[in-house]
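The values are calculated or read from the model by the stated rules, or taken from the named source; none is laboratory data. Keep in mind it's a predicted model, so treat the numbers as computed, not measured. Here the Cβ positions follow ideal geometry from the backbone for every residue, glycine too, while neighbour counts run over all protein chains shown. What goes into the accessible areas is simple: the full protein's heavy atoms, side chains included, and nothing from ligands, DNA or RNA. Shrake-Rupley method; radii C 1.70, N 1.55, O 1.52, S 1.80 Å.
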Amino acid sequence: MAAKTYNIPELDTKLADRRYHLTDANPEFTQKILKTSRTIANMCYQCGTCTGSCPSAPRSSYRIRLFMRRCVLGLEDEALTDPDLWLCTTCYSCTDRCPRDIAPTDVIMAMRNLAFLRDIVPKNFLQTCQLIYNSGHGVPNNDVNRAARTKLGLPADPPTTHSYPEFIKGIQKIIDHYGLKENADRILKGD
Amino acid sequence: MAENTEPRIGVFLCHCGTNIAGSLSIQDVVDYAKTLPYVTIADQYQYMCSTPGQKKIDDAIKEHNLTGVVVAACSPRLHEPTFRTATKEGGLNPFRFEMANIREQNSWVHMHGMWEEATEKAKDQVRMAVAKAAKLEDLIPKSVPVERAAMVVGAGVGGMQAALDLASAGIKTYLIEATPTIGGRMSQLDKTFPTLDCSQCILTPKMVDVGRHPNIEMMTYTEVEKVEGYIGNFDITLRKKARGVLTPDEATAKGIVGGGCNGCGDCAEVCPVIKPNPFEMGMAPRKAIYIYHAQVMPLIYTVDFDSCVKCNLCVDACGDKKAIDLEMQDEFITVKVGTAILATGFDLIPIEGKREWGYKQFDNVISSLEFERLICASGPTGGHLIRPSDGKTPMAVGYVLCAGSRDNTGGVAKAYCSRFCCMYSLKHAHQMYEKIPGCKVYLFYMDIRSFGKAYEEFYYRIQNEGTKFIRGRVANVLEDPVTKNLHVYTEDTLLGRPVDIEVEMLVLAAAIQPKEGADVLRKKFGVSASQDGWMLEAHPKLNPCGTTTAGVFLAGVCQGPKDIPDTVAQAEGAASAASIPIHMGEVELEPYFAMCIEDLCAGCGMCVNLCPYAALALGEKNGRTVMVVTEAKCKGCGTCGGFCPGGAIKMQHFTTPQIAAQIDAFFAGGEQ
């Protein structure tokens, strides 16, 4: 059905048809997630145990149950462009308690992978990627930490790539193998 | 039929709608069948099991003077009896019929894109069936008389109803109950949904009826020890557990006139041992000599010998009645019955296995059956609902539905729906409003399954009373260490928000599982279990009361979760089914029994020990020791026939020439 137009852009946006149409669904999206996550997402009966267990949900708009629904219905754009996708802490509480033995966390991880393929990744994730590439740490040591460590009688730098920078090369080799840094640079540059 | 003439076989293919015809070429198989040796006619029909289909068989036998019939259709488990009858109608011995299962074993498993292969396989199946059909012999089923008595195991509402029906139909009925009283789970309930009938008021009159029915022999505190025999002639050994107390009849038999237990309770008053009462879910005490509750049937006390200290105070208190015998031993009795009904019921799952809900960790998390006792007028609190931690009346109560049901994570959880938890939780919500004005009720659910008559209307009523229905399965429960209140965490999925609801008491509508010991019992009767653990019916739709053991029937929850109306309905169905062989007076046994070819038998006796049904023995015949078969006991399993080193045992309907012909037909690929 052709959408009715009022010839006023604001009004057209405001009154746009928000119903879910069959054309919104991409069955391949569901199949891709099932394959990547290796979990039985189709068996979800939307009981809410996942959201009820989620430490992120009470403090944000992240609803893991909603992502399970989007997965089953194949609502690709809605799932991958929702910034909430990146609020999962991957604590696996939902996976632990799901009565249908589904791993919702793995569905989220699969969706994040598919989002990355479309260059949809929050800036901080990409910057973390760059940090690991350059220092071997997602959260590199800083002066505050160094002072605290010294106070506790520890060496200022931990026995990681901070103390042995020659090993950073190995980490870079792994990251390069997956083109992670390259893509992070490219996406951040485009912003 | 002349035995020495060339076999003349008729082959009939069934389309089964599109069940078979949708996956393979019926016409190709029919054309192929016509080329097979001995095949006189090959035909097809949309539904061979229907009247026109069966008439085709009937007509063909008469017209073509057939000696054997092959139907290629579904599983013999479904329609072998049907086509045997059709074969008999046509004038042939019914065992001149052979079935090729081209549905379950072919079309259903080769459904997509295997047309050619499925067609070839069907040809193989038909060829093998024809080879066997050419060698089939006339067999005469054996009739055995049926003992005019029945047994019902389990005296809950289902078992009681089945026993009453059988007894009222004039059949002597033994009603066996493992606990000291009949009544079962229903006697633990306060009210029943959706009518809110008082459970005791509708059950206790039935218990009294059972107790005084002249055809019912009620045997409480008794278990099935051993089952021997077969339909019509089961010899069942019962263990009458030592009760420690004589009934008035038993006392009279012992010469104690006017003695025996009259239920006065003087013994329990003096007994020094205190134990939790399982009838009250352990929430009330009982003595080592006890009755479960005041309305027990029979009103006879029972000694718990595991906790009795034999102080003899009760014996003194009983006085001249001399009802108590602390030296009593278990007794074994064997009874003969024609048919048996199992009605063993259910237990709640050990819901503490779901750690996140805190049962047995937090005082105020209770199971639904405990709630039932707490709100019951005859319960441990006299119907005053209090919470366990401090004895206060809870003003906010939560109900967790699907507590362990519809959950396939394994462990204590069950994948199936327990079917009655929705309805009794609605009832509990109603009872809260009825008993505690101003209380708040929260019901955590996924779906409300109010499927029965007047159930949905009951749901409306409860909604209208103000219960808050929160659509979300409970994720976890935490206890406030000071107030002992409970925080229930879930998502209100309709609102899309996580919730944290504080209640003063939480009731878990725990899933149910087969009664402890039911597995051992069903094996004694040769009854299988389905994957979910419940006893397996003969057919889920067309024979829900029967089992694969002839003469053994199921009633109530032992076959799968059921509410009271369904349990009673199935019990009446089972009673009706169990009374048929008894009223007929004799049953036909399949003539599949082993036969000894005495000329070949060396009398070694090895088969005798192998037989799982104790059907074989050694005997003298014409001065030689040979094996003798008790045909009625033989199930035709073939263990002896497969083993016999001399090839002296012939398995009727599965003879070596018949099986060999099938194998030859398969390998020869139809080439002669």
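Data table
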quantity	calculated
Flag for residue B:457 being in a strand (DSSP E or B), open to solvent by 40 Å² or more (accessible area, probe 1.4 Å), away from chain A (no Cβ under 14 Å) and acidic (Asp, Glu)	no
Segment B:462-496, subset more than 14 Å from chain A (Cβ to nearest Cβ), assigned to a strand (DSSP E or B) and among the charged types (D, E, K, R), residue most open to solvent (accessible area, probe 1.4 Å)	B:468
For residue B:434: the one exception among (1) open to solvent by 40 Å² or more (accessible area, probe 1.4 Å); (2) closer than 30 Å to residue A:94 by Cβ	(2)
Single residue of B:244, B:265, B:255 found to be buried (at least 20 other Cβ atoms within 10 Å of the Cβ) and over 28 Å from residue B:166 (Cβ atoms)	B:244
Qualifying positions in segment B:397-423 - touching a Ser or Thr at 6+ places or on another chain (Cβ under 7 Å) and within 14 Å of chain A (Cβ to nearest Cβ)	B:401, B:405, B:414, B:416, B:417, B:418
Leading residue by the ranking (nearest to residue B:13 (Cα to Cα)) among those in segment B:112-126 that are open to solvent by 80 Å² or more (accessible area, probe 1.4 Å) and not charged (D, E, K, R)	B:115
Only listed residue being part of a helix (DSSP H, G or I), within 22 Å of residue B:500 (Cα to Cα) and either open to solvent by less than 80 Å² (accessible area, probe 1.4 Å) or modelled with pLDDT under 95 (or both), chosen from A:146, A:65, A:112, A:70	A:65
Total residues in segment A:73-109, condition outside any helix (DSSP H, G or I) and under 12 Å from the mean Cα position of the chain (by Cα)	5
Per-region count, segment B:291-312, residues within 30 Å of residue B:391 (Cα to Cα), in contact (Cβ under 8 Å) with a residue 40 or more places away in the chain and surrounded by 16 or more Cβ atoms within 10 Å (Cβ to Cβ)	5
Residue that is at positive phi and either open to solvent by 40 Å² or more (accessible area, probe 1.4 Å) or modelled with pLDDT under 95 (or both), where the choices are B:345, B:319, B:358, B:353	B:319
Hey, residue B:184 under 19 Å from the mean Cα position of the chain (by Cα), within 30 Å of residue B:432 (Cα to Cα) and open to solvent by 10 Å² or more (accessible area, probe 1.4 Å) or not	yes
Residue match in segment A:92-106 (condition: within 14 Å of chain B (Cβ to nearest Cβ), of a type in the set (S, T, N, Q) and open to solvent by 40 Å² or more (accessible area, probe 1.4 Å))	no
Residue identified as open to solvent by less than 50 Å² (accessible area, probe 1.4 Å) and either more than 14 Å from every other protein chain (Cβ to nearest Cβ) or of a type in the set (Gly, Ala, Ser) (or both) among B:501, B:512, B:448	B:512
Residue in segment B:189-199 that is of a type in the set (Asp, Glu), within 27 Å of residue B:521 (Cα to Cα) and without any contact (Cβ under 8 Å) to a residue 60 or more places away in the chain present	no
Restricting segment B:547-588 to residues that are more than 30 Å from residue B:455 (Cα to Cα) and part of a helix (DSSP H, G or I), the residue that is most open to solvent (accessible area, probe 1.4 Å)	B:584
Failed condition for residue A:78, given (1) open to solvent by 50 Å² or more (accessible area, probe 1.4 Å); (2) within 20 Å of residue B:476 (Cα to Cα); (3) touching a residue at least 12 places away in the same chain (Cβ under 8 Å)	(2)
Count of residues meeting criterion [surrounded by fewer than 18 Cβ atoms within 10 Å (Cβ to Cβ) and of a type in the set (S, T, N, Q)] in segment B:276-290	0
Every residue from segment A:25-62 that is more than 14 Å from chain B (Cβ to nearest Cβ), surrounded by 14 or more Cβ atoms within 10 Å (Cβ to Cβ) and in a helix (DSSP H, G or I)	A:29, A:30, A:32, A:33, A:34, A:36, A:37, A:41
Which numbered condition residue B:295 misses (of (1) modelled with pLDDT of 95 or more; (2) part of a loop (DSSP other than H, G, I, E, B); (3) of a type outside the set (Lys, Arg))	(1)
Boolean, residue B:394 is surrounded by fewer than 20 Cβ atoms within 10 Å (Cβ to Cβ), out of contact with any His (no Cβ under 7 Å at 6 or more places or on another chain) and more than 14 Å from every other protein chain (Cβ to nearest Cβ)	no
Residues of segment B:11-31 classified as open to solvent by 50 Å² or more (accessible area, probe 1.4 Å) and under 18 Å from residue B:125 (Cβ atoms), total	4
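Residues are listed down the side, and each one gets a yes or a no for (1) modelled with pLDDT of 95 or more; (2) in contact with a His (Cβ under 6 Å, 6 or more places away or on another chain); (3) among the small types (Gly, Ala, Ser):
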position: B:13; (1), (2), (3): yes, no, no
position: B:24; (1), (2), (3): yes, no, no
position: B:28; (1), (2), (3): yes, no, no
position: B:31; (1), (2), (3): yes, no, no
position: B:40; (1), (2), (3): yes, yes, no
position: B:81; (1), (2), (3): no, no, no
